[in-house]
1. List the pairs from Lys391/Lys430; Lys212/Lys430; Lys242/Lys430; Lys156/Lys242 whose alpha-carbon separation is above 26 Å, in the order I gave them.
2. If I take every Cα pair under 8 Å that is 6 or more residues apart in the range 193-273, average their sequence separation and divide by the length, what percent do I get for the relative contact order?
3. Once the dipole of the chain is set up with Lys and Arg at +1 and Asp and Glu at -1 on Cβ about the Cα centre, which of Val132, Pro230, Val407 lies farthest towards its positive end?
4. Quick check: at a probe of 1.4 Å, how many percent of the accessible area of the range 1-98 sits on carbon and sulfur atoms?
5. Can you give the charge dipole size of the chain about its Cα centre, rounded to the nearest 20 debye, using +1 on the beta carbon of Lys and Arg and -1 on the beta carbon of Asp and Glu?
6. Specify which residue in the list Tyr143, His99, Leu88 is farthest towards the positive end of the charge dipole of the range 88-162, using unit charges on the beta carbon of Lys, Arg (+1) and Asp, Glu (-1), about the Cα centre.
7. Which FRET efficiency value, to the nearest 0.05, do you get for Val21 and Trp445 by plugging their Cβ-Cβ distance into 1/(1 + (r/R0)^6) with R0 = 25 Å?
8. Taking every pair of alpha-carbon atoms in the range 83-166, give the share separated by more than 23 Å as a whole percent.
Amino acid sequence: MSVEQVWALMPYLVLSGGIVVLLLAVAWLQSRLVAFIGSIIVIAVPVGFLPAALQGGTQIIDTVLEVDGYALFFFALFSLAAIATAVLSDRFLGSRATHRQEFYLLLSTATLGAAVAAGASHFATFLLGIEVLSISLYAMIAYPEEGHAPLEAAAKYLVLSGAASSTMLFGMALIYLASGSMSFDGAANVAIGEQGILTLGQGMLLAGIFFKLSLVPFHMWTPDVYQGAPAPVTGFVATVSKGAMFAVLLRYAVDADLLASPTVGMMVAVFAVVSMVAGNVLALLQTSLKRLLAYSSIAHLGYLMIALVVAGTPDGRALGVETGLVYVVGYVLMTLVAFGVVTVLSGEDEEADDLSRYEGLLWRRPILGAMLAAAARSLAGIPLTVGFIAKFYLVAAGVGNAAWGLVWALIVGSAIGIYYYLRIVFAMTKRPDGEAADEGRRLPWEGAATVVVLGLTVVALGVYPAPLIEFVRGLGGP
């Protein structure tokens with residue numbers, strides 16, 4: 001192994017080693033504070049090795065892990081989301097779990113799994129990363145000791161996610177049968193006589209991935225899991241879990257020339273259009289903020305498929321990858337802000353889930369109200385937010401590659417979405433009639449500060465997106 005490869009692996013090695021040290025420290029000291037601070041250090045320190053790893057260029061480690069700017073970008077993004085989740089979870093779990101130490105271990109291992117998946121260029125690494133992430137999430141969703149909702153959500157996610165993983169495994173087996181290779185790029189060179197088996201295998205692989213991304217019609221688990229899971233965990237599932245799956249899918253689509261098959265391309269486009277429309281229409285009916293955001297995420301992942309379709313064409317590959325990365329950044333930031341506000345406003349007995357809890361929030365808690373309003377406006381794609389920049393990228397990429405059906409579905413879905421996003425803002429502007437559930441309660445300052453920083457970033461990147469665009473453009477693609 002060369003020196004460049006060792007440096008490329010350093011972020012992964014430091015994170016893995018840090019998790020082992022954290023595990024031993026928690027087992028010995030049994031301290032919640034050690035686990036909390038230790039997890040933040042363990043997740044943050046590897047980020048410091050990313051510049052050195054990035055300077056070495058693309059490094060392929062034993063054909064199973066491709067460490068390039070693309071993989072390291074997602075490594076940094078997932079680390080940011082994990083640190084925000086750790087900070088938001090500390091006070092939230094205070095009255096909901098007696099032993100909180102293991103939660104931070106699970107959060108660290110989930111981050112490692114997501115980072116490995118983003119760099120996967122082989123089905124073995126892909127499966128290893130996704131399953132490490134998923135197994136950690138099963139326990140994180142069910143972590144609160146009181147209440148049936150988290151346990152029910154974890155059971156649903158366990159059973160259905162297991163079925164999706166089995167479907168993906170069968171698809172991988174068929175792809176291996178057709179190509180004779182477990183590497184992503186092996187599927188791009190298949191004999192004509194094996195094309196039928198390859199298409200079937202890719203269809204089954206995509207079905208499992210679409211479940212993880214909660215695209216319609218594989219979305220039924222999403223609102224129940226989002227509502228039943230603890231609010232900070234829901235934010236992690238909505239951002240890191242889905243971000244990792246999209247990272248794998250985009251790399252596979254490019255390496256395996258996935259969309260060269262008209263059948264596969266049409267299937268992806270149909271699922272994208274249906275998800276955009278159905279996700280937004282179903283969100284109109286919700287009075288639970290977490291369920292509303294769940295259906296919203298279905299629509300946003302449908303939007304993100306435009307970047308996938310564009311990246312699957314030879315002429316649009318660079319633009320499609322760039323569009324996907326910019327959109328993922330915006331989606332992660334605004335989703336973390338929304339679930340962060342839910343977390344901070346939640347009391348010891350119940351979560352701030354019902355939309356009625358947010359009436360008058362701009363008068364009662366003006367800073368948090370402003371952050372939630374910024375997140376809602378960004379999710380709607382209103383200018384001066386990062387959500388507008390992200391959607392503008394999608395429209396430009398779709399128009400540039402004549403994907404008119406997807407562009408019109410994006411426009412229609414966004415028009416529907418404006419109604420329920422602004423419904424959140426309208427509820428917050430109402431004058432409070434009586435005393436609210438959180439009136440007079442002291443909110444966790446560290447959680448509120450995290451939400452404010454993320455919310456200001458959402459606005460800052462909408463006002464001045466050039467640094468983000470230049471950074472993503474300089475990374476290159478898979």
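1. Check vs 26 Å cut-off fails for Lys391/Lys430; Lys212/Lys430; Lys242/Lys430.
2. 35 percent
3. Going by the Cα projections, it comes out as Val407.
4. Here carbon and sulfur together make up 71 percent of the probe-accessible area.
5. Rounded to the nearest 20 debye, it is 800 debye.
6. Farthest towards the positive pole: Leu88.
7. With a Förster radius of 25 Å, E is 0.30.
8. 27 percent
The values are calculated or read from the model by the stated rules, or taken from the named source; none is laboratory data. Remember, it's a predicted structure, so these values are computed and weren't measured experimentally. Glycine gets a Cβ as well: all are built from the backbone with ideal geometry, and neighbour counts include every protein chain shown. When the accessible area is computed, the model is the full protein with side chains, heavy atoms only, and any ligands, DNA or RNA have been set aside. Shrake-Rupley method; radii C 1.70, N 1.55, O 1.52, S 1.80 Å.
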